[in-house]
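Participant: Dropping a structure here in structure tokens format, bear with me for questions.
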Amino acid sequence: MPILVQFLLGLLFGTGLIVAGMSDPAKVLNFLDLAAIPSGTWDPSLAFVLLAATAVTFVGYRLVLRRPRPVFDTQFHLPHKTRIEAPVIVGPAIFGIGWGLVGLCPGPAFTALGTGRPEAFLFVTAMLLGMVAARLLALRAIGGSAQRA
């Protein structure tokens, strides 16, 4: 049952991305181009998507965390770290730079695969290779620190 719920939630998420225009890199880039504000070509519509997503998340977390446990697990798995470390800054910075350069981020990129656009396939391939590289670097760093101990 949990896998069916996850599939349906992913389908809902993907549908929302398409309806909001998040899978269209041109729309995203028009939103991110703040220099276009004076000329009137800036597209503020994605700001409403971001605000709506933030509001839904804010309310959703408050409702869900009132429960003694999740529906499909025995406990909540929340982050315990409170200290801001370099990866917490570097990761989002790389994400934001990529989003600004290409107009896609992971969720919309997978949704854009359905359009058959070559740039979506190129982006997803590069993203997956980057994820593998980051994992290998992290494992290497962990291995190196374990050898020094």
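The values are calculated or read from the model by the stated rules, or taken from the named source; none is laboratory data. Keep in mind it's a predicted model, so treat the numbers as computed, not measured. Using ideal geometry, Cβ is built from the backbone for each residue, glycine included, and neighbour counts are taken over all protein chains shown.
Participant: Against the conditions (1) out of contact with any Cys (no Cβ under 8 Å at 6 or more places or on another chain); (2) in a helix (DSSP H, G or I); (3) touching a residue at least 24 places away in the same chain (Cβ under 8 Å), where does Ile89 fall short? Just the number, please.
Facilitator: Ile89 satisfies every listed condition except (3).
Participant: Hey, another quick one. Check whether at least one residue in region 55-69 is aromatic (Phe, Trp, Tyr) and either closer than 21 Å to Val28 by Cα or touching a residue at least 24 places away in the same chain (Cβ under 8 Å) (or both), and report yes or no.
Facilitator: no
Participant: Please go through region 14-46 and pick out each residue that is within 14 Å of Phe110 (Cα to Cα), out of contact with any Cys (no Cβ under 9 Å at 6 or more places or on another chain) and surrounded by 12 or more Cβ atoms within 10 Å (Cβ to Cβ).
Facilitator: Correct list: Gly14, Gly16, Leu17, Ile18, Gly21, Ser23, Asp24, Pro25.
Participant: Say we look at region 89-137 and pick out the residues that are out of contact with any Gly (no Cβ under 6 Å at 6 or more places or on another chain) and of a type in the set (Ser, Thr, Tyr); which of these is farthest from Pro25 (Cα to Cα)?
Facilitator: In this case the residue turns out to be Thr125.
Participant: Then there's this: State whether the residues of region 59-67 include one that is at pLDDT 90 or above, among the β-branched types (Val, Ile, Thr), within 23 Å of Leu17 (Cβ to Cβ) and over 17 Å from the mean Cα position of the chain (by Cα).
Facilitator: Yes, because at least one residue in region 59-67 is at pLDDT 90 or above, among the β-branched types (Val, Ile, Thr), within 23 Å of Leu17 (Cβ to Cβ) and over 17 Å from the mean Cα position of the chain (by Cα).
Participant: Hey, another quick one. Quick one: which of Ile142, Ile94 is out of contact with any Leu (no Cβ under 8 Å at 6 or more places or on another chain), part of a helix (DSSP H, G or I), within 28 Å of Gly21 (Cα to Cα) and free of Cβ contacts under 8 Å to residues at least 40 places away in the same chain?
Facilitator: From the options Ile142, Ile94, the qualifying one is Ile94.
Participant: Restricting to region 61-76, name every residue that is surrounded by 10 or more Cβ atoms within 10 Å (Cβ to Cβ) and either of a type in the set (A, V, I, L, M, F, W, C) or in contact with a strand residue (DSSP E or B) (Cβ under 9 Å, 6 or more places away or on another chain) (or both).
Facilitator: Within region 61-76, Val64, Leu65, Phe72, Phe76 qualify.
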